[in-house]
Structures are given as C-alpha cells and as structure tokens.
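Below you'll find the structure, written out as structure tokens, and then a few comments.
Please treat every number below as a calculation from the coordinates, not as lab data. None of these values were measured; they are calculated from a predicted model. Don't worry about glycine lacking a Cβ; one is built from the backbone with ideal geometry, like all the others, and counts go over all protein chains shown.
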Amino acid sequence: MADGPDLKAITAAQQRTWSDGDFSMVAAMITFVAENLTETLTILPDERVLDVACGSGNGAIAAARRSWGGAVGADFVPALLERGRERAAAERLEVEFVEADAQDLPFEDASFDVVMSIFGAMFAPDQERTAAELLRVTKPGGWIGMANWTPDGALADFFTILVKHTGGPPPGTVPPVLWGNEEHARKLFGDGIVGMRVERRVSRQIFRSPEHYLDFFRRYFGPMKMAFEKVGPEGAPALEADILAYLEKVNSDERALVLEPEYLQLVAVRA
Ligand SMILES: C[S@@+](CC[C@H](N)C(=O)[O-])C[C@H]1O[C@@H](n2cnc3c(N)ncnc32)[C@H](O)[C@@H]1O
C-alpha cells in the first residue's frame with residue numbers, strides 16, 4: 001500500500017478530533033437510537049454484548065439493561081469512556097469500558113453474541129478492516145447491529161460543509177456515510193453474514209434556533225470544534241454562514257430548530 005492513504009495517521013488525527021469538545025453532551029440527544037437498535041437486536045439475559053465506538057456508552061448501557069450479565073463498550077477516547085463509567089455506575093449497571101480502535105479490537109474471535117455500533121465504527125477510515133473486526137469478534141449465528149448516517153441524508157450535507165472548509169477529505173479515503181448505503185454495507189460484510197435487515201429511520205434533535213445549535217455544537221462536538229480551530233478567525237464567518245444556511249434549509253418546524261437527519265439501521269446475522 002505504498003501509495004495508499006496513511007490510515008494510522010488519519011486514525012490518530014480522528015482520535016484527536018473526537019477527543020476535542022465533549023461528545024457525551026451530544027450523545028444525550030441520540031439515546032433513542034441506541035434504545036431502538038438494542039430493542040431490534042432482542043438481547044437476551046447473559047448474552048455478551050459489545051458496543052464499538054461507544055463514546056459515553058449509549059449502546060453498551062442500553063444493552064446492559066437487557067443482558068443482566070453486563071456489556072462492554074470500546075472507544076478510542078478515554079474521556080468518553082470515563083463518562084460512560086460514571087453513567088453506568090449511576091444506574092448500577094455492569095459495563096466494562098475498554099480503550100480500543102474499532103479497526104483493531106482487543107477481543108478474541110467469536111467472543112460476543114451481539115456486536116453493535118451507533119454512528120461510531122462508520123467513521124473509522126479503513127472500512128474493510130472495520131467490517132472484518134466486527135465480524136471476527138461476533139459468534140457464528142450472532143447479531144451485528146449498526147446505525148449509520150445515510151449518504152443522501154441531512155448529516156451527509158453537514159459533514160460535507162465541515163470537510164469543504166477544512167481542506168477536503170484525506171486523499172484515498174471513502175466517505176463514512178457510505179456505511180449508510182445498504183449495498184455498500186452488504187459488500188463490506190460480504191459472505192461474513194447470512195442475512196441483513198435494514199430500516200431507514202430519523203434521529204430527531206431539537207434546538208431553540210440555528211444559533212443555539214451552532215453554539216452547542218461548537219462547544220461540544222469535536223469535529224465542529226476542530227473545524228473552527230482549523231479555519232481560524234478569518235475562516236470562521238464563512239463556515240458559520242454555511243452552517244446556519246444549512247440549518248435553515250433542513251429545519252422542519254417554524255417554532256424551533258427541529259432536525260430529523262436520516263440514518264440506516266441495519267441488523268445482520270453472522271455466518
Ligand atoms: C458520533 S460519536 C457516537 C458515539 C456513541 N456510539 C453514541 O451513540 O453516542 C462517534 C464515536 O466514535 C468513536 N470513534 C471514531 N472512530 C473510532 C475508531 N477508529 N475506534 C474507536 N472509536 C472510534 C469516537 O471516539 C466517538 O465516540
């Protein structure tokens with residue numbers, strides 16, 4: 001792979017980006033996605049469940065409420081894992097939080113009955129390797145569940161704005177939102193799965209106004225915070241204007257800012 005992208009360097013840069021801000025504040029707005037995916041996966045008592053790129057643990061915590069025997073969350077941002085530990089302790093739930101890269105999971109082959117990832121594994125730059133890792137750690141006959149933003153949904157436009165202002169995507173990488181395309185996801189899993197069910201859903205987020213959203217995301221959402229740091233004071237007004245225009249365009253309500261970005265929920269059975 002002499003001319004390929006430097007995936008190690010890209011992953012390290014992404015780790016710094018997700019460490020910026022405090023994603024746990026944003027995660028509080030998408031708990032419903034984890035609850036819905038977990039319900040669809042029909043987790044049973046004592047099943048071993050892994051939430052990959054778990055952030056502050058939405059998926060792992062939802063799973064632990066159903067598995068009784070505990071769950072595992074893995075992410076490459078230690079501060080988010082710490083927030084997950086606090087949340088699990090507050091609910092008296094058994095969740096183990098492990099620092100790990102989704103492309104190189106520190107778990108034995110076939111060690112989980114259910115493996116899930118919510119808007120997480122989709123961001124790892126090596127999509128083939130990530131899919132292979134999700135498959136590797138899932139038991140034959142076990143379930144893999146994902147929630148992925150779609151390429152034709154509002155979140156794809158949002159990421160396009162951030163990328164446009166910060167100098168384009170790393171050369172040679174594919175857009176993370178391709179994971180939200182059913183055919184692409186099927187291709188990534190290949191014959192590692194024997195069946196897949198998908199559903200297009202929306203994740204509703206409500207703010208007082210576009211300015212309220214901008215203020216919140218600039219403070220807590222690493223990729224946005226990093227984008228403003230990259231463009232500096234000279235580039236900030238143009239980035240701000242593009243984000244506000246995007247928010248006005250996708251707002252589905254007149255009384256507040258109501259966002260309903262689409263995502264693909266997929267549930268597959270490991271071969
Ligand atoms: C949009 S957040 C979603 C977090 C969580 N799944 C949730 O639903 O709240 C993306 C998460 O993926 C993690 N992440 C991104 N790339 C990763 C990688 N290569 N390995 C491990 N974690 C990764 C980030 O640290 C971040 O916590």
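Scanning residues 5 or more positions from L105 or on other chains, none has an amide H under 5 Å from its amide H, with H placed 1.01 Å from N in the peptide plane. Shape of segment 22-105 from the C-alpha gyration tensor: rounded (a/c under 1.5, with a ≥ b ≥ c the square roots of its eigenvalues). Please build a GNM for the chain, connecting alpha carbons under 10 Å apart, and tell me which residue among G73, G120, G141 fluctuates the most. Result: G141 has the largest fluctuation of those listed. Here the chain is assigned +1 on the Cβ of each Lys and Arg and -1 on the Cβ of each Asp and Glu. Its dipole about the Cα centre then comes out at about 280 debye. Would you calculate a helix-derived [θ] at 222 nm for the chain, using -39,500 (n - 2.57) for each DSSP H run of n ≥ 4 and dividing by the full residue count, to the nearest 500? When only DSSP H runs of four or more count, the value is -14000 deg cm²/dmol.
The lysines within cross-link reach of K8, meaning a Cα-to-Cα straight distance under 27 Å and a gap of 8 or more places when in the same chain, are K164, K187, K225, K230. The mean sequence separation of alpha-carbon pairs under 8 Å and at least six residues apart, normalised by the residue count of the chain, gives a relative contact order of 22 percent. S24: net charge of surrounding residues, Cβ under 10 Å, Lys/Arg +1, Asp/Glu -1, itself excluded? Summing Lys/Arg as +1 and Asp/Glu as -1 gives -1. Using a Gaussian network model of the chain in which every pair of alpha carbons under 10 angstrom is joined by a spring, one finds that among M146, M226, M29 the greatest mean-square fluctuation is at M29.
Scoring 158-164, 53-59, 174-180 by mean Cβ neighbours within 10 Å over their residues and listing the highest first yields 53-59, 174-180, 158-164.
Here the contact order of segment 31-180, divided by its residue count and restricted to Cα pairs under 8 Å and six or more residues apart, works out to 21 percent.
Converting phi to 3J(HN,Hα) with the Karplus coefficients 6.51, -1.76 and 1.60 and the offset θ = phi - 60°, segment 30-40 yields 10, 4, 4, 5, 5, 4, 5, 5, 5, 4, 5 Hz in sequence order, with x at every glycine or proline. When the charge dipole of segment 136-255 is built from unit charges on Cβ atoms (+1 for Lys and Arg, -1 for Asp and Glu) and taken about the Cα centre, the candidate among V163, I193, A238 whose Cα reaches farthest toward its positive end is I193.
Give the angle, between 0 and 90 degrees and rounded to the nearest 10, that separates the Cα long axis of helix 58-67 from the longest principal axis of the Cα atoms of the chain. Tilt of helix 58-67: around 20 degrees.
Considering only F119, G222, S67, the residue lying farthest towards the positive end of the dipole of the chain is S67, judged by Cα position with unit charges set on Cβ.
Evaluated with a Cβ-only charge set (Lys, Arg +1; Asp, Glu -1), segment 200-271 carries a dipole of roughly 480 debye about its Cα centre, given to the nearest 20. Please figure out what share of the DSSP beta bridges in segment 31-154 is antiparallel and state it in percent, rounded to the nearest 5. Taking every DSSP beta bridge within segment 31-154, about 5 percent pair in antiparallel fashion.
In order along segment 148-153, the Karplus-derived 3J(HN,Hα) couplings, from 6.51 cos²θ - 1.76 cosθ + 1.60 at θ = phi - 60°, round to 10, 4, 8, x, 9, x Hz, and Gly and Pro are given as x.
Structure remark: mean-square fluctuation, Gaussian network model of the chain, C-alpha springs under 10 Å; the largest value among D215, D242, D157 belongs to D215. What's the FRET efficiency of K164 with A12 using the Cβ-Cβ distance as r and R₀ = 30 Å, to the nearest 0.05? Efficiency, from the Cβ-Cβ distance: 0.85.
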